[in-house]
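Presented below is the structure to which this report refers.
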Amino acid sequence: MSALTAGDLLGREWRIVRPAFGDEPGSEYRVEPVEGGTARRLTLWRTLRPPTAAELRRFEELMRSGERTHHPAFQPVEAVGYDGAREALWMVRPWWNGESLPSMLGGLHPVGLDLPYLYALAEQLAQALTAAQAAGVSHGRLRPTRLLVAPGGKGVRLCLLDLGLEIFRRTHAASWLRPPQVGAAYVAPELGETGPVPTSADVFSFGLIVRDMLATRRDGAWRGRWEHWVERATATEAGRRFGSLTEALKALVPVLRALPDDPPPPPPNYEPGDPTVH
């Protein structure tokens, strides 16, 4: 798939502004409407053949499944299409002023993610996935790079990308739509290449993402207090995991309450009474 460059047009409506963070180079861009307007996010997926008109309609229907839940973690889809020159399905949604979860976690102070933020992110993710499952759609290939984070009402708010894509790929495009080349470690063991996406797969991914957040505490203060929860959430056999995301979140609450929430240590150059340190 040839990369898009600034000024290129896609679908005659969208002008490329610059690349955006994505799973693979050349898969995400910041775009603007040709006729003017605010920034949007464009995502592309490499295909081995063009979709039929019926397949493209089904693609759009499934990619809009998140917005039909009315959960704020799912952004509306503004446009979908197929670009023959680049052999790629594409989708446009609103621009998100935030960063990916891995970027956020990578920039943390060594003491780790603040517990209120950790709980807010876990709660929003569990509730969003539960809302999607209630509508009959499981994600299937959830991974940290498909979670965007920004400041919000609870200190942090979450955006979840690509709900519906794995179901579309497995049921309508397994032979011609490439699966993601990253994030395999977050895919549940029971998930094959075809067939339905079980809800247990999202419990598995949820457990690993929460593990990533818990593991940011690098001073050892949380060690030995949360591993048992992760072991159950990510058990190899689906039947040994939590029965739902609601159950997993409920079991997580007492774990988080038992964790020490010490303030970060002062900087190395700190001196008592230093008026520049607050």
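The values are calculated or read from the model by the stated rules, or taken from the named source; none is laboratory data. This structure is a prediction, so every number in the text was calculated from the model and none was measured. In this analysis, Cβ positions are derived from the backbone assuming ideal geometry, glycine residues included, and neighbour counts consider all displayed protein chains. Each accessible area value is taken on the protein alone, full model and side chains, heavy atoms only, with ligands, DNA and RNA left out. Shrake-Rupley method; radii C 1.70, N 1.55, O 1.52, S 1.80 Å.
Filtering region 202-251 to residues that are touching a Leu at 6+ places or on another chain (Cβ under 8 Å) and not hydrophobic (A, V, I, L, M, F, W, C) leaves D202, S205, D212, T216, R217, R225, T234. Restricting attention to region 111-158, the residues that are assigned to a loop (DSSP other than H, G, I, E, B), open to solvent by less than 50 Å² (accessible area, probe 1.4 Å) and of a type outside the set (S, T, N, Q) add up to 12. Scanning region 161-200 for residues that are of a type outside the set (V, I, T), assigned to a helix (DSSP H, G or I) and in contact with a Ser or Thr (Cβ under 6 Å, 6 or more places away or on another chain) yields R170, Y186. Please verify whether A184 is small (G, A, S), buried (at least 17 other Cβ atoms within 10 Å of the Cβ) and either within 19 Å of P144 (Cα to Cα) or in contact with a helix residue (DSSP H, G or I) (Cβ under 7 Å, 6 or more places away or on another chain) (or both), treating the condition exactly as stated. In short, no.
Here A221 fulfils each of the conditions (1) out of contact with any strand residue (DSSP E or B) (no Cβ under 7 Å at 6 or more places or on another chain); (2) farther than 17 Å from T130 by Cα; (3) open to solvent by less than 20 Å² (accessible area, probe 1.4 Å); (4) not polar (S, T, N, Q) apart from (3). Residues of region 200-210 include none that is open to solvent by 30 Å² or more (accessible area, probe 1.4 Å) and either under 29 Å from H172 (Cβ atoms) or modelled with pLDDT of 95 or more (or both). Just need a number here: residues in region 224-254 that are among the hydrophobic types (A, V, I, L, M, F, W, C), crowded, with 19+ Cβ neighbours inside 10 Å and touching a residue at least 40 places away in the same chain (Cβ under 8 Å). Within region 224-254, residues that are among the hydrophobic types (A, V, I, L, M, F, W, C), crowded, with 19+ Cβ neighbours inside 10 Å and touching a residue at least 40 places away in the same chain (Cβ under 8 Å) number 4. Please specify each residue of region 159-174 satisfying the condition of being open to solvent by 20 Å² or more (accessible area, probe 1.4 Å) and without any contact (Cβ under 8 Å) to a residue 60 or more places away in the chain. Passing the criteria: T171, A174. A count restricted to region 20-73 and to residues that are of a type in the set (A, V, I, L, M) and either open to solvent by less than 50 Å² (accessible area, probe 1.4 Å) or under 23 Å from Q133 (Cβ atoms) (or both) stands at 9.
Of all residues in region 63-92, those being of a type in the set (D, E) and touching a Gly at 6+ places or on another chain (Cβ under 8 Å) number 1.
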